[in-house]
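**Student:** Quick one: this structure, given as structure tokens, is what I'll be asking you about.
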Amino acid sequence: MSASDTKPSLSSRELPDRRLEIVLSGDWNADSARPSTSEILAKLNPSWAEIGFDTTGLGQWDSLLLTVLKEIGDQCQLKGIKVNRSGLPDGVRGMLQLADAVPEQEGVRRTPPQPGLLEKTGLLAIAAWDETIDILAFIGEATVGFVRFLFGRAHYRRVDLFLLIQECGANALPIVSLISFLVGMILAFVGSVQLAKYGAQNYISDMVGLGMSREMGALMTAIIMTGRTGAAFAAQLGSMQVNDEIDALKTMGFSEIEFLVVPRMLALILMMPLLCVYADLMGMAGGSLVGFGLYDISILEYSQHILARLRFQDFAVGVGKSVIFGVLVAISGCMRGMQCGRSSQDVGMAATSAVVTGIVMIVCADAVMTLIVISMKW
Amino acid sequence: MGEPHITVTDLTMAYGDMVIQRDMNFTVNRGDIFIVMGGSGCGKSTLLRHMIGLKQPAKGSIFYQNLSFWDASPKQRRRLMMKMGVSYQSGALFSSMTLAENIALPLSAFTKLKRHEIREIVSLKLALVGLAGFEGYYPAEISGGMQKRAGLARAMALDPDILFFDEPSAGLDPISSRLLDDLILNLRDNLGETIVVVTHELPSIFAIGNNSVFLDGESKTIIAQGDPKTLLAECEIPKVKQFLTRGSSRNDDKLASGATKA
């Protein structure tokens, strides 16, 4: 502040009758350095009968002064010294009274626990077990909800379902197009370098076609949808949790699974196969561009190769996988959203965790399904 | 005390083309507890948002002492805003921080205080609002009334000159609401702060207010101003009378205590 400010100072003066007077002077505000209280605090011992204050030299004051006075007051209380506040300005006295008005309740203050290594390991193990139970329970509930839906007994808003279908279907087309087109190009490019060594560049189309339809189309769509839609589901349900909206649904008698989870699952189950086929075709288009650009394979030749080589089963395998992936994306997104805590940070964590859970589940499921498909010779 | 602290001249508030209130003129003096009242949807909270600098007026100005808020430089404006404390309707605490971290945030950002000094100020502010010992709690772990008081503690963190309250007693039980009123009076009496309260709680209005404006949603302007108690006794405008007597327009004195009905 202005230059005329005087520094805050704190000293003490001994008076007769075992009285100690604390002298406060200068301007006490947040801009000034706080004088040390250690000297005064050291002086406080039960031999004093009373502490008084002299504030004739005191200028401005704010919370800084109050904290010092409170520190001194608390110390005096501890040592059993009487504090006479009559020497303080009215405002200071009033604020101190206010601060003392509601004494701290016993047992309110908490010290964060600091578990040891063994305890931490144990806690982690328990958490992992609980997590497994949670996932299984959620899958179970979702299945029950879905069965109720199939029998037409689930309560949900049809308009929500259509909006969700639009959101996970048509609105996802641009990003799915871009990614699968590029993935098709990459497949073709990487593969053709090897194939060309044996003069087999004509087989680019077979490779891209098989790769996209059996594996990459479904997998890439699933990963895009986890990042795009799974995270959105988790964030949306999470903030509904924060706003008590899910509680409101429950008290109105709706099942949150039927109302929120089943439509989302359904939308993804319906849209993922379509997106997957679309991604397959986009990927093949990407491959044809590489074939045409690098090896002069005409579009006609490329597509004839694909038509001759690809069987219906190849598409069916990819589409089948994509249905399972749709369920997994919906489950991971909705589950993390429903488990969300009640702070804004929890919403962020729910979205992150939905993506992580989703991708882990998708890749694991893909590995298992690929094994099954190969061993069945489909 | 007594000198004009906030002066609002010809203020018109609008969202796009929709005018909320027009031609508002009033003065809040230093040390006033100034009540902004009116029915639901008349623009009370919007007026508050204009005064604390969240929304720019469509027309007119708001002066803090002699400085027009919206004509000031961004730096002056930031300075002014640091001298205001706002207690929001729902507390508006940062849910991912503990109460102590919530209150410490402005202190660590805008002052040169050391860490232990901040800790002591935080404890003091919490003690002032009756929450001693709750430093380590997250907002979700305490009740709505406590959240509101913690929000007030955060509003007071920087020792503001002016405190704004948006519906301080909404959602509080009568006793907590009364305690909050006492706290507001205490802050004014002890610190000489100017306090602006947006509310429609009649008991609070009469208990703490010494100046007020009454916003009318239909005519879209201020239709009465002054000490709420004087308004109750003397104002002849039916709408104001009805509001202050809780719905009855008759002139009985039993209605003066109408706030205790129902």
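The values are calculated or read from the model by the stated rules, or taken from the named source; none is laboratory data. Everything quoted here is computed from the prediction, not taken from an experiment. Every residue, glycine as well, gets a Cβ built from its backbone with ideal geometry; the counts of neighbours run over all protein chains shown. Side chains included, ligands, DNA and RNA excluded: accessible areas come from the protein's heavy atoms. Shrake-Rupley method; radii C 1.70, N 1.55, O 1.52, S 1.80 Å.
Let's see how each residue does on (1) in contact with a Phe, Trp or Tyr (Cβ under 9 Å, 6 or more places away or on another chain); (2) at pLDDT 85 or above; (3) over 21 Å from B:PRO168 (Cα atoms):
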site	(1), (2), (3)
B:ASN210	yes, yes, no
B:PHE214	yes, yes, no
B:ASP227	no, yes, no
B:GLU236	no, no, yes
B:GLN242	no, no, yes
B:SER249	no, no, yes
B:THR260	no, no, no
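**Student:** Going by the conditions given, is B:ILE237 more than 14 Å from every other protein chain (Cβ to nearest Cβ) and open to solvent by 20 Å² or more (accessible area, probe 1.4 Å)? Spell out how you get there, then give the answer.
**Tutor:** Details: more than 14 Å from every other protein chain (Cβ to nearest Cβ): yes; open to solvent by 20 Å² or more (accessible area, probe 1.4 Å): yes.
When the stated conditions are applied, B:ILE237 passes them.
**Student:** Hey, among B:GLY43, B:GLY136, B:GLY130, which residue is in contact (Cβ under 8 Å) with a residue 24 or more places away in the chain and more than 12 Å from every other protein chain (Cβ to nearest Cβ)?
**Tutor:** Details: B:GLY136 fails: more than 12 Å from every other protein chain (Cβ to nearest Cβ); B:GLY130 fails: more than 12 Å from every other protein chain (Cβ to nearest Cβ).
Only one candidate passes the filter, namely B:GLY43.
**Student:** A further question on this structure: Output the number of the condition that B:GLY31 fails; it satisfies all remaining conditions of (1) assigned to a loop (DSSP other than H, G, I, E, B); (2) open to solvent by 80 Å² or more (accessible area, probe 1.4 Å); (3) within 14 Å of another protein chain (Cβ to nearest Cβ); (4) not hydroxyl-bearing (Ser, Thr, Tyr).
**Tutor:** Unmet for B:GLY31, out of (1) assigned to a loop (DSSP other than H, G, I, E, B); (2) open to solvent by 80 Å² or more (accessible area, probe 1.4 Å); (3) within 14 Å of another protein chain (Cβ to nearest Cβ); (4) not hydroxyl-bearing (Ser, Thr, Tyr): (2).
Okay, residues lined up against (1) surrounded by 11 or more Cβ atoms within 10 Å (Cβ to Cβ); (2) assigned by TED's automatic domain parsing to the domain that holds A:ILE257:
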{"position": "A:THR55", "(1), (2)": "yes, no"}
{"position": "A:GLN60", "(1), (2)": "yes, no"}
{"position": "A:PRO113", "(1), (2)": "no, no"}
{"position": "A:PHE138", "(1), (2)": "yes, yes"}
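**Student:** Given A:LEU10, A:LEU20, A:LEU24, which one is open to solvent by less than 40 Å² (accessible area, probe 1.4 Å), more than 21 Å from A:LEU64 (Cβ to Cβ) and in contact with a Ser or Thr (Cβ under 9 Å, 6 or more places away or on another chain)?
**Tutor:** Working: A:LEU10 fails: more than 21 Å from A:LEU64 (Cβ to Cβ); A:LEU24 fails: more than 21 Å from A:LEU64 (Cβ to Cβ).
Going through A:LEU10, A:LEU20, A:LEU24 in turn, just one is open to solvent by less than 40 Å² (accessible area, probe 1.4 Å), more than 21 Å from A:LEU64 (Cβ to Cβ) and in contact with a Ser or Thr (Cβ under 9 Å, 6 or more places away or on another chain): A:LEU20.
**Student:** Let me ask something additional. Can you report the number of residues in region A:339-362 which are more than 13 Å from every other protein chain (Cβ to nearest Cβ) and surrounded by fewer than 18 Cβ atoms within 10 Å (Cβ to Cβ)?
**Tutor:** 3
**Student:** Next question, about the same structure. Looking at A:ILE306, A:ILE269 in this structure, which one is touching a helix residue (DSSP H, G or I) at 6+ places or on another chain (Cβ under 9 Å), in contact (Cβ under 8 Å) with a residue 12 or more places away in the chain and under 30 Å from A:GLU141 (Cα atoms)? Steps first, answer last, please.
**Tutor:** On the way: A:ILE306 fails: under 30 Å from A:GLU141 (Cα atoms).
Answer to the check: A:ILE269.
**Student:** Still on this structure, I have one more. Being of a type outside the set (Ser, Thr, Tyr), within 23 Å of A:TYR156 (Cβ to Cβ), at pLDDT 90 or above and assigned by TED's automatic domain parsing to the domain that holds A:ILE359: is that true of A:ALA330 here? Talk me through it step by step, then tell me what you get.
**Tutor:** Working: of a type outside the set (Ser, Thr, Tyr): yes; within 23 Å of A:TYR156 (Cβ to Cβ): yes; at pLDDT 90 or above: yes; assigned by TED's automatic domain parsing to the domain that holds A:ILE359: yes.
Criteria met by A:ALA330.
**Student:** Does region B:64-80 include one or more residues that are outside any helix (DSSP H, G or I) and within 13 Å of chain A (Cβ to nearest Cβ)? Quick ask: steps written out before the conclusion?
**Tutor:** To start, the set of residues in region B:64-80 that are outside any helix (DSSP H, G or I) comprises B:64-68, B:72-73.
After this cut, where a residue has to be within 13 Å of chain A (Cβ to nearest Cβ) as well, the list is none.
The answer is no, given that none of the residues of region B:64-80 is outside any helix (DSSP H, G or I) and within 13 Å of chain A (Cβ to nearest Cβ).
**Student:** Which of the residues spanning region B:40-60 are open to solvent by 30 Å² or more (accessible area, probe 1.4 Å) and closer than 16 Å to B:ILE222 by Cα? Steps first, answer last, please.
**Tutor:** Within region B:40-60, the first condition is being open to solvent by 30 Å² or more (accessible area, probe 1.4 Å), and the residues that meet it are B:40-41, B:45, B:49, B:54-56, B:58-60.
B:SER40, B:GLY41, B:SER45, B:LYS59, B:GLY60, listed by residue number.
Yes or no, residue by residue, for (1) touching a helix residue (DSSP H, G or I) at 6+ places or on another chain (Cβ under 8 Å); (2) surrounded by fewer than 24 Cβ atoms within 10 Å (Cβ to Cβ); (3) assigned by TED's automatic domain parsing to the domain that holds A:LEU182:
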site	(1), (2), (3)
A:TYR198	no, yes, yes
A:MET207	yes, yes, yes
A:LEU210	yes, yes, yes
A:SER213	yes, no, yes
A:MET220	yes, yes, yes
A:ILE224	yes, yes, yes
A:PHE233	yes, no, yes
A:SER239	yes, yes, yes
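**Student:** Follow-up question, since we're still on this one. Sort out which residues of region A:29-47 are more than 11 Å from chain B (Cβ to nearest Cβ) and open to solvent by less than 70 Å² (accessible area, probe 1.4 Å), and write them in order of number.
**Tutor:** A:PRO35, A:ILE40, A:LEU41, A:LEU44, A:ASN45, A:SER47
**Student:** On to the next question. What is the one condition in (1) more than 10 Å from chain A (Cβ to nearest Cβ); (2) touching a helix residue (DSSP H, G or I) at 6+ places or on another chain (Cβ under 8 Å) that B:ALA109 does not satisfy?
**Tutor:** So the condition that B:ALA109 fails would be (2).
**Student:** Conditions: (1) in a strand (DSSP E or B); (2) in contact (Cβ under 8 Å) with a residue 24 or more places away in the chain. A:GLU14 meets all but one. Number of the miss?
**Tutor:** (2)
**Student:** Show me the helices (runs of 4 or more DSSP H) found entirely inside region A:51-155 where at least 1 residues are within 14 Å of chain B (Cβ to nearest Cβ) and more than 28 Å from B:THR98 (Cα to Cα). Write out each step before concluding.
**Tutor:** Values: elements: A:63-79, A:90-101, A:117-150.
The helices (runs of 4 or more DSSP H) meeting that bar are A:63-79, A:90-101.
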